[in-house]
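Written out below as structure tokens is the structure these notes cover.
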Amino acid sequence: MNSHVDQAAARSGATRRDLVVGTALISGALLVGCSPADLMSAGAKTEVGAFGPFIRIAADGAVTVVSKHIEFGQGSHAGLAAIVAEELDADWSRVSVEQSPANSKLYANTLMGVQGTGGSTAIANSWMQLRKAGAAARAMFTGAAAAAWKVPEAEITVKDGVVSHVASGKSAGFGDLIQGAAAIKPPAEPRLKSPEAFTLIGTDRVRRKDSLAKSTGQARYTQDVNLEGMLTAVVAHAPRFGAKVRGFDATEARKVAGVVDVIQIPTGVAVVAKSTWAAIQGRNVLKVTWDESKAEGRGSAELEAQYTDWAAGKGTLPDKLKWESFESRGDAAAAGDGEVFEATFDFPFLAHASMEPMNCVAQVGGKGGTKLTVASQSQTIDQINTARIVGALPGSIQIETLFAGGSFGRRANFQSDFVAECVQIAKKVGKGTPVKLVWTREDDMEAGYFRPLTHHRVRVRLDKDGYPAAWTHRVVTQSLMKGSPLAPKGFDATTVEGAMGSPYLKATPAVDGQVLMPENGVPVLWWRSVGATHTAYVMEHTLDHLAKKAGRDPVAYRLALFEKAGAARHIAVLKLAAEKAGWDKPAPAGVTRGVAVHECFGSVVAQIAEVRLVDGNPKVGRVVTAIDCGTAISPDQIAAQMEGGTCFGLSAALHDEMIIKAGAVDRKNFDAYPVLRHSEAPKVETYILPSTNPPSGAGEPGVPVIAPAVANAVLAATGKGAFRLPMIRA
Amino acid sequence: MATSLEINGRTVQVEATPDTPLLWVLREEVGLTGPKFGCGIGQCGACTVLANGAPVRSCSLPVSALSGMKITTIEGLGGTHPLQQAWVKLDVPQCGYCQTGQIMSAAALLASNPRPSDAEIDAAMDGNICRCGAYQRIHAAIREAAQATGQATGQPTAKSRA
């Protein structure tokens, strides 16, 4: 048994069993009879009140909903609170939201098995869990009232936090009944409302709870954390991916007023100072030499050329690299009479570029154990990676999760890169001293974890009626999952999702879809809407080229293929968008319209974009959006996600492009990496398809449709396709 | 060497070296964390504050250049500024990190031009990046605030949803 694990366990009050499973986890051993949740929560101590881990009710009746999910803009805090408030019949104006501690047993994402936020699942995975939590708490209040008033529980009603018995005229607030309610055993299977009885869910009353704090500067982000005695660190990182520190000279850096220490860590050399500016000044004069013997030497241009060759069947593949089939039937290569469309599509690396660069606060070696104060997107993974560094039980790592200034996928990676870096520094500083790691914008851009550079090659042969008879599709892109604990055996579905399973492929008799997943030294990661960031573009822009060859209207052509594929939800959203956009009426003078439809994260979105060409570049005006995301908890926040997702997707369509040259990032700040700005933002109208299905994603599905919709509008205006993003290259 | 600034109506002596950007002085010496660090080169606008009423990027201005100036940060708007009310009413923020800078740019705009056209709003706000893409609501909230103070003309921007 590892002695420092023993000590950490003693400090955290963990049990012997915790110790065994925690050590097993850290050392990578498998332990029979332990669930992953047991392993990962070993050492955790979280207080749970009478109403369970998600609900606290104060003596004055105010309700606090505990969110297991981070709030990074997507509006989940409001949606999660509304689910509880609905079943609890709470007074929405007296419901507030609090971020949960890290605890993979209590707060796991039910679709992931670990605590984490991603894949647009925050609402979907919590839906039944929080309905039951709210309904159980409600039952505890009706039970308490029935006992106190000696009336049948079935006659008791609850509305806006007031429990009433009409016949006797008795009523009381949650606060009045709290002692009795807390003493009642919560029902395991409480009765849930039928959707017709919802009074809060689906209404415009479900609004954000954090707008005031975020409009006054009072909302707290990691960058704002200022603890007693805190030091700030910036790190000199390798200029090329894969390079390591050879040596460094800190003489000048140590002379900078405010610099406290200069420390080598696995990812570089950290300058630790009493202020951020002092740390930055210290790093400016720090001399580091790098061992680049194992560094990546290629860049975007070389990778793109290589991918293009491979997709065209040219050149030889490295050992162990092989094409994997993701969809196959019939003979797609067979000859036929119909017209053929053939094209290649290129997509660059993309930075997430959240407004708040990555940062973290860590305390290691103090009496209270290891504590992180950080916008953690995947608390369990951050706990495990931290535990490995400090030698403690994963569950004993405390995480105070703060608001994040955006993420778009960046904060969730299997290495916990910036968190681990901060923990390494805090471990060397020791004594529980709080250390804030600050990445500048340049650090954030240079660190990578990009949406991978991706190449598609498509060949579609039409039948005599103008519909696809044979579809050959090649995708070359890095795997996002390779080397991770979740790596699949065959191909990585995140590389082809959106092409794989597309209703257009379903409607095509012969399909040959294959993916090639080469490796290189550039770190890649999911980027808001993941595979759909490129697959939706290829499928939807290809569709308009096919419709054009077939001489069909793009909406009618899609509807016909959706009919063949039995894609009822696609048909419904497309019809709704077309109706609201006035597709059958002429566009305003100088404007062309483009359409796109895509399903991802369980939701289907159709968009029709109105585009005008200004100096040859697309300027997007009105964008009509229709979404089927199942039950809509907060229509206002779903609209906000469609508006924001459209801007995020449009930014990538028009501007975003990370260029790698010789293994190093060539664009390090917003002067060289242009993103969408205010004057370019479209006017998005959102229409939500009525549904009583369980809720599905909203944070990501608004992203991937705008780029092909704009490309299709440009195609309608000019007859020219756009086979490379971004459309406007800096 | 101390620099004297008037921050949100209060005279403050700051000890930071003269080359220290105003942003770090505000955030780490004065304790006003409303202005945010986003890019460090005046490209994103998250650090926007007012200097004698004009919007400036505090990440790129050495504190010595501001000696004697009146600095207003988001904290100095008081919380009930018409723009802040409009921001809350329309639920403008998503992640919220850029919003304090957005509001300060908008406050400078309305102070000098109470009746901005859509094009004038575009021009005044193009220096503030929002990666969440809340631009549409930012625009609508500026129109809303201008109207609320009885100073707007013309038609408000169409609502986001029917």
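Residue-by-condition table, conditions (1) in contact with a helix residue (DSSP H, G or I) (Cβ under 8 Å, 6 or more places away or on another chain); (2) in a loop (DSSP other than H, G, I, E, B); (3) on the phi < 0 side of the Ramachandran plot:
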| residue | (1), (2), (3) |
| --- | --- |
| A:GLU685 | yes, no, yes |
| A:PRO690 | no, yes, yes |
| A:PRO695 | yes, yes, yes |
| A:PRO701 | yes, yes, yes |
| A:ALA707 | yes, no, yes |
| A:VAL714 | no, no, yes |
| A:ALA722 | yes, yes, yes |
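A search for C-beta distances below 9 Å between a residue of region B:48-63 that is outside the structural domain of B:LYS36 (by TED's automatic domain parsing) and farther than 17 Å from B:GLY38 by Cβ and any residue that is hydroxyl-bearing (Ser, Thr, Tyr) and part of a strand (DSSP E or B), counting only pairs 6+ apart in sequence or on different chains, returns nothing.
Residue check: is A:VAL48 β-branched (Val, Ile, Thr) and in the same structural domain as A:ASP160 (by TED's automatic domain parsing)? The answer is no for A:VAL48.
Of the strands (runs of 3 or more DSSP E) lying entirely inside region A:236-319, those containing at least 3 residues that are farther than 18 Å from A:PHE418 by Cβ span A:244-249, A:259-265, A:287-291.
On inspection, A:PRO695 passes the criterion of being in the same structural domain as A:ALA547 (by TED's automatic domain parsing), in contact with a Phe, Trp or Tyr (Cβ under 9 Å, 6 or more places away or on another chain) and more than 22 Å from A:GLY621 (Cβ to Cβ). Applying the set (1) more than 8 Å from every other protein chain (Cβ to nearest Cβ); (2) surrounded by fewer than 24 Cβ atoms within 10 Å (Cβ to Cβ) to B:ARG57 leaves exactly one unmet item: (2).
Residues in region A:458-510 that are closer than 23 Å to A:VAL597 by Cβ, polar (S, T, N, Q) and either in contact with a helix residue (DSSP H, G or I) (Cβ under 8 Å, 6 or more places away or on another chain) or not assigned by TED's automatic domain parsing to the domain that holds A:THR344 (or both): A:THR477, A:SER502. Does B:GLN102 count as more than 8 Å from every other protein chain (Cβ to nearest Cβ), touching a Cys at 6+ places or on another chain (Cβ under 9 Å) and either surrounded by 24 or more Cβ atoms within 10 Å (Cβ to Cβ) or modelled with pLDDT of 95 or more (or both)? When the stated conditions are applied, B:GLN102 passes them.
In region A:198-213, of all residues being out of contact with any strand residue (DSSP E or B) (no Cβ under 9 Å at 6 or more places or on another chain) and part of a helix (DSSP H, G or I), the one that is nearest to A:ILE83 (Cα to Cα) corresponds to A:SER211.
Taking the residues in region A:342-391 that are acidic (Asp, Glu) and over 21 Å from A:VAL235 (Cβ atoms) as candidates, determine which candidate is surrounded by the most Cβ atoms within 10 Å (Cβ to Cβ). Here the residue is A:ASP346.
The residue of region A:652-674 that is farthest from the other protein chains (Cβ to nearest Cβ), among those that are surrounded by fewer than 22 Cβ atoms within 10 Å (Cβ to Cβ) and among the aliphatic types (A, V, I, L, M), is A:ALA662. Can B:SER67 be described as in contact (Cβ under 8 Å) with a residue 60 or more places away in the chain, surrounded by fewer than 24 Cβ atoms within 10 Å (Cβ to Cβ) and more than 13 Å from the chain's Cα centre (by Cα)? Here the answer is yes, as B:SER67 does meet what is asked. For region B:19-35, the condition of being touching a residue at least 60 places away in the same chain (Cβ under 8 Å) and among the aliphatic types (A, V, I, L, M) holds for none of the residues.
Taking the conditions exactly as written (more than 10 Å from chain A (Cβ to nearest Cβ), assigned to a helix (DSSP H, G or I) and modelled with pLDDT of 95 or more), does B:ALA146 satisfy them or not? Yes: the conditions hold for B:ALA146.
Out of A:THR308, A:THR316, one residue alone is among the hydroxyl-bearing types (Ser, Thr, Tyr) and touching a residue at least 12 places away in the same chain (Cβ under 8 Å). It is A:THR308. Contact list please: Cβ distance under 8 Å, first residue in region A:532-546 and farther than 20 Å from A:THR718 by Cα, second residue of a type in the set (Asp, Glu) and crowded, with 24+ Cβ neighbours inside 10 Å, pairs at least six apart or on different chains. From region A:532-546, the pairs are A:ALA532/A:GLU700. Here the strands (runs of 3 or more DSSP E) wholly within region A:354-414 that include at least 3 residues being more than 21 Å from A:SER529 (Cα to Cα) and not aliphatic (A, V, I, L, M) are A:359-363, A:398-401. I'd like to check something: does region B:97-113 contain any residue that is in a helix (DSSP H, G or I) and of a type in the set (Phe, Trp, Tyr)? The answer is no; no qualifying residue exists.
Of the residues making up region A:320-332, those that are charged (D, E, K, R) and in a loop (DSSP other than H, G, I, E, B) number 3. In this entry, A:VAL97 passes the filter for residues that are under 25 Å from A:ALA183 (Cα atoms), touching a residue at least 24 places away in the same chain (Cβ under 8 Å) and touching a His at 6+ places or on another chain (Cβ under 8 Å).
The condition of being crowded, with 21+ Cβ neighbours inside 10 Å, on the phi > 0 side of the Ramachandran plot and either assigned to a loop (DSSP other than H, G, I, E, B) or away from chain A (no Cβ under 12 Å) (or both) holds for only one of B:GLY79, B:GLY45, that being B:GLY45. Just one residue in the set A:THR232, A:THR216 is under 30 Å from B:PHE37 (Cβ atoms), touching a strand residue (DSSP E or B) at 6+ places or on another chain (Cβ under 7 Å) and within 14 Å of another protein chain (Cβ to nearest Cβ); that residue is A:THR232. Against the conditions (1) over 15 Å from A:PHE349 (Cα atoms); (2) buried (at least 19 other Cβ atoms within 10 Å of the Cβ); (3) not hydrophobic (A, V, I, L, M, F, W, C), A:PRO586 satisfies every one except (2). Meeting the requirement of 2 or more residues that are among the β-branched types (Val, Ile, Thr) and within 24 Å of the chain's Cα centre (by Cα), the strands (runs of 3 or more DSSP E) wholly within region A:436-530 are A:468-477. Just one of the numbered conditions (1) surrounded by fewer than 24 Cβ atoms within 10 Å (Cβ to Cβ); (2) at pLDDT 95 or above is not true of A:ALA640: (1). Evaluated against (1) under 20 Å from A:ASP636 (Cβ atoms); (2) free of Cβ contacts under 8 Å to residues at least 40 places away in the same chain; (3) hydroxyl-bearing (Ser, Thr, Tyr), A:THR110 falls short on exactly one condition, (1). Among the residues that make up region B:84-99, is at least one of them under 14 Å from the mean Cα position of the chain (by Cα), more than 7 Å from every other protein chain (Cβ to nearest Cβ) and surrounded by 24 or more Cβ atoms within 10 Å (Cβ to Cβ)? No, every residue in region B:84-99 fails to be under 14 Å from the mean Cα position of the chain (by Cα), more than 7 Å from every other protein chain (Cβ to nearest Cβ) and surrounded by 24 or more Cβ atoms within 10 Å (Cβ to Cβ).
The values are calculated or read from the model by the stated rules, or taken from the named source; none is laboratory data. Quick caveat, the model's predicted, so the values are computed rather than measured. Glycine also receives a Cβ, built like all others from the backbone with ideal geometry; neighbour counts cover every protein chain displayed.
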